[in-house]
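Every number in this text was worked out from the coordinates using simple rules, so none of it is lab data. Keep in mind that what you see is a predicted model, and the values were worked out from it rather than measured. Here Cβ is always computed from backbone atoms with ideal geometry, including for glycine, and neighbour counts include all displayed protein chains.
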Amino acid sequence: MRTSVQRCLSLAGAAGAAVVLLAGTASAHVSVNPGEAAQGDYTKLAFRVPNESDKASTVKVRVSFPTDTPLASVRVKPHAGWTADISRSTLPKPVDVGDLTLEEAVTSITWTADKGARIGPGQFDEFEVSVGPLPKTRSLAFPTAQTYDNGDVVTWSQPVREGAAEPEHPAPTLTLTASAGDGSHGSTSGTAAPAGDTTATGADGMSEAATQRPVDQTARTLGIAGLGTGVAGVAVAAFAIVAARRKGAA
């Protein structure tokens, strides 16, 4: 009886460890939220940065913006304890965005922690921007470099491909869907910003957007929930075995 119970409890422990491991993996990478928006819209994006290290703290986050499909308007929401440095560069070639022809655009934003600020072990933070209009492409990738106070740099830049397994260090990727309207600013993704506005400061123009997780996050959540149910089932079975054998002995 002891052998059977020990085996059941060992299996339950192993399954429990798998749940913890998968939960940590599912939430460890840098992501952009919401994970989906409509083409042509203006929207608020939050770059979610979890700290993966057990000992070091995150003190710098650099997010790169696309140059082949540049964004005409990029505004940074002030973030207490962090200084945002916005880099603009001349594009490889002019790009038409609506009625505008962009020759220069925001190519990166770097948030650096002020003295005393940081993302410590077991913590995460979010850095928000308002952008638009979103291009008529299937997705936008935002390669991100995460710097720790011990000098380590983790680069989240691997492309995310539909139907393929998620890479070890995926780039935060925004999925774009066809607009239901006429390509105007829309009413659900965010507050409209003036066309051609590349102002990178200011707290206005920041609307609340519903946080959506990519489909792969949902799949992970369901998988973790299933494992949790399995652990509970194994534990119940172990106790049932003990009870039944005690009853038979009596």
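Quick one: net charge of T69's neighbours, Cβ under 13 Å, K/R +1, D/E -1? Provide the component values of the computation, followed by the final result.
Values: positive: K93, K136, R138; negative: D68, D96.
Surrounding charge for T69 is +1.
Quick one: net charge around T58, please, counting Lys, Arg +1 and Asp, Glu -1 for every other residue with C-beta under 14 Å from its C-beta.
Net local charge, T58 excluded: -2.
Nearest 0.05, what FRET efficiency do F124 and T69 give at R0 = 30 Å with Cβ-Cβ as r?
Here the calculated transfer efficiency is 0.60.
Report the full-extension gain for the segment A178 to E104: residue separation times 0.36 nm, less the Cα-Cα distance, to one decimal in nm.
Separation in residues times 0.36 nm, less the Cα-Cα distance, equals 24.0 nm.
Would you mind checking K44/K77; K93/K136; K55/K77; K60/K136 for any pair whose Cα atoms are more than 20 angstrom apart?
K55/K77; K60/K136
Taking 7 Å along the Cα-to-C-beta vector as the label spot, tell me the T155-R138 distance in nanometres, rounded to one decimal.
Between T155 and R138, the label points sit 2.5 nm apart.
Give me I109, I86 ranked fewest to most by other Cβ atoms within 10 Å of their Cβ, as a rough exposure proxy.
Ordered by Cβ neighbours within 10 Å, fewest first: I86, I109.
If a/c stays under 1.5 just call it rounded; otherwise compare a/b with b/c (prolate if a/b is bigger, oblate if not). Do that for the stretch 99-146, with a ≥ b ≥ c from the square roots of the Cα gyration tensor eigenvalues. All intermediate terms of the calculation are to be shown ahead of the outcome.
Numbers: a/c = 3.13, a/b = 2.13, b/c = 1.47.
Prolate, because a/c is 1.5 or more and a/b exceeds b/c.
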